[in-house]
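Single-structure report; data block below.
Quick note: the coordinates plus some simple rules give every number you see, no bench work behind them. The model shown is predicted, which means the values in this text are computed figures rather than measured ones. FYI the Cβ positions are ideal-geometry reconstructions off the backbone, even for glycines, and counts take in every protein chain you see.
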Amino acid sequence: MIVTLIGMMGSGKSTVGRLIAEILDYKFYDTDSLIVKKSGREINDIFRINGEEYFRNLEKEIIIDLYNQNADMVVATGGGAILSEINRNIILSNSRVYWLNIEAEKLADRLYKNEERPLINDYKNEREELINHLDKILDDRIEYYQIGQEIDGDRKPSEIAREIINDIRGEVDIIE
């Protein structure tokens with residue numbers, strides 16, 4: 001089984017994904033980390049030098065490769081991975097999808113003190129502008145995020161992981 005976590009940057013997909021993978025003894029993959037490994041460059045550098053379109057093409061290649069594997073895994077996608085119809089179709093056809101939803105204000109608190117992210121670098125010094133920018137990104141993406149089962153992302157990672165694992169086990173128990 002493949003479990004896919006989608007949602008905004010900073011929503012906790014990687015942290016929660018690692019916990020789920022550890023508990024279920026699944027492999028864990030973070031698509032952004034795989035892009036860095038494949039390209040040999042940081043995400044910010046890819047955006048700055050090659051642009052977002054180039055990044056999205058790398059992301060698509062990674063997703064195609066990942067979902068062609070026949071393995072139990074948890075995949076934490078980049079925040080914009082679901083913008084691509086190809087990615088959405090692959091993810092929906094091959095995995096159980098969970099959307100870690102969190103308000104823009106809470107995201108801003110997390111991202112404000114976090115590493116650089118290419119889509120918010122221009123807003124890092126003004127919290128209110130950052131919140132407005134995150135709200136706009138969320139508004140633009142919400143219809144795509146709604147392909148996943150909505151999970152409240154404003155909790156401890158262990159609580160979120162437990163909710164998802166309970167849901168997965170409940171589904172598996174019914175099938176067996």
(message) On a 24 Å Cα-Cα criterion, which of the cross-link pairs Lys38/Lys60; Lys60/Lys156; Lys13/Lys38 come out too long?
(response) Lys60/Lys156
(request) Please name which of Asn68, Ser39, Leu134 has its Cα lying farthest along the dipole of region 2-170 towards the positive end, using unit charges on Cβ (Lys, Arg +1; Asp, Glu -1) and the Cα centre as origin. (result) Asn68
(request) Quick one: among Leu138, Leu100, Leu24, which has the greatest mean-square fluctuation in a GNM of the chain with alpha-carbon springs under 10 angstrom? (result) Leu24
(message) If I model a spin label at Lys27 and Ser158 as a point 7 Å from the Cα along the Cα→Cβ vector, what separation in nanometres do I get?
(response) 2.9
(request) Mind telling me which of Asp152, Asp135, Asp65 comes out most flexible in a GNM of the chain, alpha-carbon contacts under 10 Å? (result) Asp65
(request) Express in nm, to one decimal, how much length is gained between Glu105 and Asp140 on full extension, taking 0.36 nm for each residue of separation and deducting their alpha carbon distance. (result) 11.0 nm
(request) Please determine, in degrees from 0 to 90 and to the nearest 10, the orientation of helix 157-175 with respect to the longest principal axis defined by the Cα atoms of the chain, where the helix direction is its Cα long axis. (result) 40
(message) Checking a compactness column here: for region 1-153, what do you get for Rg(Cα) / (2.2 N^0.38 Å), N being the number of residues?
(response) 1.00
(request) Return the calculated 222 nm mean residue ellipticity for the chain, to the nearest 500 deg cm²/dmol, obtained by summing -39500 (n - 2.57) across DSSP H runs with n ≥ 4 and dividing by the residue count. (result) -18500 deg cm²/dmol
(message) Which one, Phe28, Gln149, Leu5, projects farthest toward the positive side of the charge dipole computed for the chain from Cβ point charges (K/R +1, D/E -1)?
(response) Phe28
(request) Against the globular-protein guess of 2.2 N^0.38 Å, express the Cα radius of gyration of region 47-111 as a ratio, rounded to two decimals. (result) 1.27
(request) Would you work out the charge dipole size for the chain about its Cα centre, treating the Cβ of every Lys and Arg as +1 and the Cβ of every Asp and Glu as -1, and quote it to the nearest 20 debye? (result) 460
(message) Quick check on the exposure proxy: order Ser93, Ser14, Ser39 from fewest to most C-beta atoms within 10 angstrom.
(response) Ser93, Ser39, Ser14
